[in-house]
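One structure below.
The values are calculated or read from the model by the stated rules, or taken from the named source; none is laboratory data. Every value quoted in this text rests on a predicted model; they were computed, and no experiment measured them. Every residue, glycine as well, gets a Cβ built from its backbone with ideal geometry; the counts of neighbours run over all protein chains shown. With ligands, DNA and RNA removed, areas are computed over all heavy atoms of the protein, side chains included. Shrake-Rupley method; radii C 1.70, N 1.55, O 1.52, S 1.80 Å.
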Amino acid sequence: MHLVASERIKLFSIATPWVCGVFALVALAGPAALTALTATESRLPPTVASTQFGYQLGMVAVLVAAALAVTSEYHSGTIHGTFQAVPGRTPVLVAKAVVVAGYAFGLGEAAAFTAWLVARVLAPDADLALDSVADWTIVAGTGPVFALAAVCGVGVGLLVRYTAGAVALLVAYPLMAENVVQLIPRAGRAIHRWLPLNAVTKFLSGSGEANAGRDGGNATVLSDSPLSPGWALAYFGAFAVLLLAAGITQARRRDA
């Protein structure tokens, strides 16, 4: 427990989690407000899914915050003292991942429910009640997704170690890379079906039940993953664990 407490103190002693937290809140609440206010003009009534339209930008903020929790220590040199205190390295790195994942879970839940509440206030006549499993999944499921994304961010931070490289990778991949893969002749769409962020979108959005059965519109485009929502989350979780394990293995093999 002392490792977890130590990592918690280190995480919140820097500005990154606060800045990224505010960004994630705005990233979800802003589009939710716009969707609610422009529903008449766009002729697309707000749905529970549309209140979560900005979750991908929020995830980018979580990925960056998680990576910086690692790379900032390499940059400042404090990682040397950490590894001297815990020569095995694995326990402290797992503790770091747990702390960052816990932060991301809380942030995801706060941001998702704030976005939903903002839309309800601005569009009181819209059907935004959480009265189905799909509705609850796309809102409350943001926390677990952000937590697993944070584990991915820690893994990337350990593998890359340098802030610029880690941030560039974690911004470009979710916003561009998976979509670009679809442009590969013949195999692109087949590969895309199994990419991690596409899979986790299947967990959140399912078959569009929370978006009145629509694909896209004022909500996220549905995933083409062949997995069921539950297995899609498990698949993303396995990917996050493998990425963290790779990062820890790399950290154990090389000098800090």
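If you take all C-alpha pairs in the chain, what percent of them are over 34 Å apart?
In whole percent, the long-distance tail amounts to 20.
With +1 on each Lys and Arg Cβ and -1 on each Asp and Glu Cβ, and nothing else charged, work out how big the dipole of the chain is about its Cα centre, in Debye to the nearest 20.
For the chain, the charge dipole is close to 940 debye.
With every protein chain present, what accessible area does Thr16 have (1.4 Å probe, heavy atoms only), rounded to the nearest 10 Å²?
Using a 1.4 Å probe on the heavy atoms, I get roughly 30 Å².
Between Gly77, Gly206, Gly30, where does the largest GNM mean-square fluctuation fall for the chain, given springs only between Cα atoms within less than 10 Å?
Its mean-square fluctuation being the largest, the pick is Gly77.
Running a GNM on the chain with Cα contacts under 10 Å, which residue among Ala240, Ala199, Ala129 ends up with the highest mean-square fluctuation?
Taking springs between Cα atoms under 10 Å, the residue moving most is Ala129.
What does the charge count around Gln182 come to, taking other residues whose C-beta lies under 12 Å from its C-beta (Lys +1, Arg +1, Asp -1, Glu -1)?
+1
Can you tell which of Ala245, Ala29, Ala67 shows the greatest fluctuation in a Gaussian network model of the chain with Cα springs below 10 Å?
Ala245
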